[in-house]
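Report on one structure; see the data block that follows.
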Amino acid sequence: VSEVRAQIAAKTPEWRAGRAGWLFIAPAITLIAVFFFLPVGASLLLSITDFDLYAVANPSNVRLVGTRNYTELLQNPTFWLALKNTFYFALIGGPLTVATSLGAALLVNAKAVRFKTFFRTVYFLPFVTTLVAVAIVWRYLYHPQYGFLNYALGAVGIHPIDWLGDPRWAMPAIILLAVWKNFGYNMLIFIAGLQSVPEDLYEAAALDGAGAVRQFWHVTLPNLAPTFFFVGVVTMIGYFQLFAEPYVMTTGGPLGATTSLVLFMYEEGFRWWRLGVAASIAFLLFLIILVWTAIQLRLERRLAA
Amino acid sequence: MLRGLAARWILAACMLGACSGAEAREQRVTLRFWAMGAEGENVQQLVREFEQQHPNVDVRVQQIPWTAAHEKLLTAYVGNVTPDLAQLGNTWVPELQAVDAIEPLDKYVAQSDIVKAKGVFPGIWDTNVLNDTLFAVPWYVDTRVLFYRKDILKAAGYDSIPQSWSEWRAAMQAIQKKAGTRQWAIFLPTNEWMQPTVLGLQNGSPILKDGGRYGAFEDAPFRGAYEFYVGLFRDGLAPVAGNNDIANAYQEFARGTFAMWITGPWNIGEFQRRLPPEMQQSWATAPLPGPQGAASGVSNAGGSSLVLFKGSAHPKEAWELIEFLSKPDIQRRFYHLTGDLPAQIDAWQDTSLAGNRYAAAFYTQLQRVRPTPKVPEWEFITSKIIDVSELSIRGGMSTDRALATLDAQVNRILEKRRWILARTAHAQHDSAATVKIK
């Protein structure tokens, strides 16, 4: 009898609520554990081994090498070039994308504009098309002799540019493609943000004599701040992982001018099959993104205060 | 034609499980065959004929772009979805052999009337042999020879390409003396590993030594070749330019920007297509000169081979397809479809190939080809050769420092290989010791 009583006592309402809570989040936690923490842990482990082609053939060919992969990476000029390219892309391309999406959102959301849904769909289209198909079309646009872009530039007297063949122009060309491809998604989020700005704020501002520009600076922007930070963080995280654009358009060339960290990692991992080295690149990239996002969040807090 | 189409539809329907019984009992075999680029596209026509000869076999050719082929093969192996047979750049054979993905072929060749060592150029055959075992059958061959402008050479006082390095160099200097500004004697793209490597092979360098355990770049033979190579740039005989710096090499060749170019067989067709008609009488091909004359003028043993994967469920049929593709008349037709030079010497009897004066230089060169080191790391090592030679040519790094750097990098890459070899040797030694104790 006392046993039964003890069991009943143990199953207090809090205990039951707690158990229910755990049960509810169990599927999510299991998924995250299996598909996130486990692989992350495994790749951290991988990064301190010399896992390579020989290990693929026979697992007993793996050796623990400690931090050797990391120290060798820091001495590898290709790593530094890839790091520089990645920052170039993210620091120029990221803000440019955010600015373009905000501009497009303002245009599409403007009261004077007709066919809003049509424009919204058109601007969103690049985001939902396959990158490989888009890249092939853009390679035609960028073609030094027959490309439309050089044709258009020629019309205003600018000499043809070898967009994808010139180390100085290849990265700007990739940035242009990425901005065009990605601004649609951010634009939709900005539109949602814009629509949640209370109309009476604009009315009040107008009554106080604020013109369109002042309304933008003092009503629209402050109200958009949370949206802004979300878009900024997500865009930068995505842009630090630049891969598909250079992989399809330039395979990292010319002269390594478009080799990004992820592309470098891909080459080490799947071209040379040096998975240990590739895993350590992945970890360094993870750290970079972590630090960068922390900086952005701190900035947000300071600006919000 | 229509009937063939109908048959194929019925076949497709059968595959989908729409019909059963009689057809199913006939034991249909589907071979999966991976081939790259233009070869993958053109081999489809030949494969249809094989299917007619083997009514129970379907061959599914999957065309893979060259740029993605290497990754795809290794990924397929790791993912356990390798095809039955595949085309392989012959420098990749050691890699797939190292992971134990491909079948040794000696027992097949022993019973074959078609695939025989003496039917193929010896240097080419050798690239497919690892530790005295054959792992791949040469399909088509590729090597580098000299393409040159006859008129420019003649103007400099030479009727043909000299055969030794010193005379060759003298000819280049004579050409350079007559050249205008922005004109050079020879084009050696700085972003290619082939030229310094081939010159090294010519000068007797093994490239890697001690059974592929260490780089041999600082040793005298490679050093001599490297100095000769870099000297051509330092003395202004070759432009400091990579493939990307020259927008249209054919146009530049026609313009006389350079009088010689070391390149491969695909350019026979390209030169005929892309050079203006009035230029067609003015170019020729020649086997590479060597440090001590013609006999030392070796070149690389390149090309593609066919391999049989260990995971194949139908090795017999797959081998029959390899044999079929090795038949001289099929090789000849393949040459007509792709322009790829046949690996089977008998296929060279073809009138259009024997009568092609540009191909003759390749035929001579193919008697003198030598494989690049047969280690799985080779592909990776070539990227280091490019890095270092660009530092010498563009950055003016001294030969001593460049070659020391190269050896250090290559030795670091080969560290794992040395460890594995030492371990295997140790294990063998141990087992030998136990036998003795018994």
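Some values worked out for this structure:
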quantity	calculated
Residue among B:175, B:124, B:152, B:114 that is in contact (Cβ under 8 Å) with a residue 60 or more places away in the chain and in a loop (DSSP other than H, G, I, E, B)	B:114
Leading residue by the ranking (farthest from residue B:333 (Cα to Cα)) among those in region B:43-77 that are surrounded by fewer than 16 Cβ atoms within 10 Å (Cβ to Cβ) and within 14 Å of chain A (Cβ to nearest Cβ)	B:75
Single residue of A:104, A:99 found to be buried (at least 16 other Cβ atoms within 10 Å of the Cβ) and either assigned to a helix (DSSP H, G or I) or away from every other protein chain (no Cβ under 14 Å) (or both)	A:104
Residue A:235 being touching a helix residue (DSSP H, G or I) at 6+ places or on another chain (Cβ under 7 Å), within 14 Å of chain B (Cβ to nearest Cβ), polar (S, T, N, Q) and touching a residue at least 12 places away in the same chain (Cβ under 8 Å)	no
Sole residue being closer than 21 Å to residue A:91 by Cα, buried (at least 17 other Cβ atoms within 10 Å of the Cβ), within 14 Å of chain B (Cβ to nearest Cβ) and touching a residue at least 12 places away in the same chain (Cβ under 8 Å), chosen from A:170, A:178	A:170
Selected residue [assigned to a loop (DSSP other than H, G, I, E, B), within 14 Å of chain B (Cβ to nearest Cβ) and more than 27 Å from residue A:123 (Cα to Cα)] from A:251, A:258	A:251
Selection count where residues are modelled with pLDDT under 90 and buried (at least 17 other Cβ atoms within 10 Å of the Cβ), scope region A:275-300	1
Some residue of region A:128-143 being in a loop (DSSP other than H, G, I, E, B) and more than 22 Å from residue A:263 (Cα to Cα)	yes
Candidate set from region B:216-266 (those that are within 14 Å of chain A (Cβ to nearest Cβ) and within 24 Å of residue B:406 (Cβ to Cβ)); member that is nearest to the chain's Cα centre (by Cα)	B:243
Residue within region A:183-194 that is assigned to a helix (DSSP H, G or I) and hydroxyl-bearing (Ser, Thr, Tyr) present	yes
Residues of region B:100-149 classified as of a type in the set (Lys, Arg) and out of contact with any strand residue (DSSP E or B) (no Cβ under 8 Å at 6 or more places or on another chain), total	3
Helices (runs of 4 or more DSSP H) completely within region B:361-438 that count 3 or more residues being modelled with pLDDT of 90 or more and in contact with a Cys (Cβ under 6 Å, 6 or more places away or on another chain)	none
Scan of region B:286-300 for residues that are more than 20 Å from the chain's Cα centre (by Cα), more than 11 Å from residue B:162 (Cβ to Cβ) and of a type in the set (A, V, I, L, M), ordered by number	B:295
Single match in B:198, B:230 (criterion: within 23 Å of residue B:377 (Cα to Cα), surrounded by 16 or more Cβ atoms within 10 Å (Cβ to Cβ) and in contact (Cβ under 8 Å) with a residue 40 or more places away in the chain)	B:198
Counted residues, region B:312-342 - those being assigned to a loop (DSSP other than H, G, I, E, B) and out of contact with any helix residue (DSSP H, G or I) (no Cβ under 6 Å at 6 or more places or on another chain)	4
Conditions (1) touching a residue at least 60 places away in the same chain (Cβ under 8 Å); (2) surrounded by fewer than 17 Cβ atoms within 10 Å (Cβ to Cβ); (3) touching a helix residue (DSSP H, G or I) at 6+ places or on another chain (Cβ under 9 Å); number of the one not met by residue B:383	(3)
Residue within region A:51-72 that is surrounded by 12 or more Cβ atoms within 10 Å (Cβ to Cβ), part of a loop (DSSP other than H, G, I, E, B), away from every other protein chain (no Cβ under 13 Å) and in contact (Cβ under 8 Å) with a residue 40 or more places away in the chain present	no
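The values are calculated or read from the model by the stated rules, or taken from the named source; none is laboratory data. Keep in mind that this is a model prediction, so the values were computed, not measured. Every residue, glycine as well, gets a Cβ built from its backbone with ideal geometry; the counts of neighbours run over all protein chains shown.
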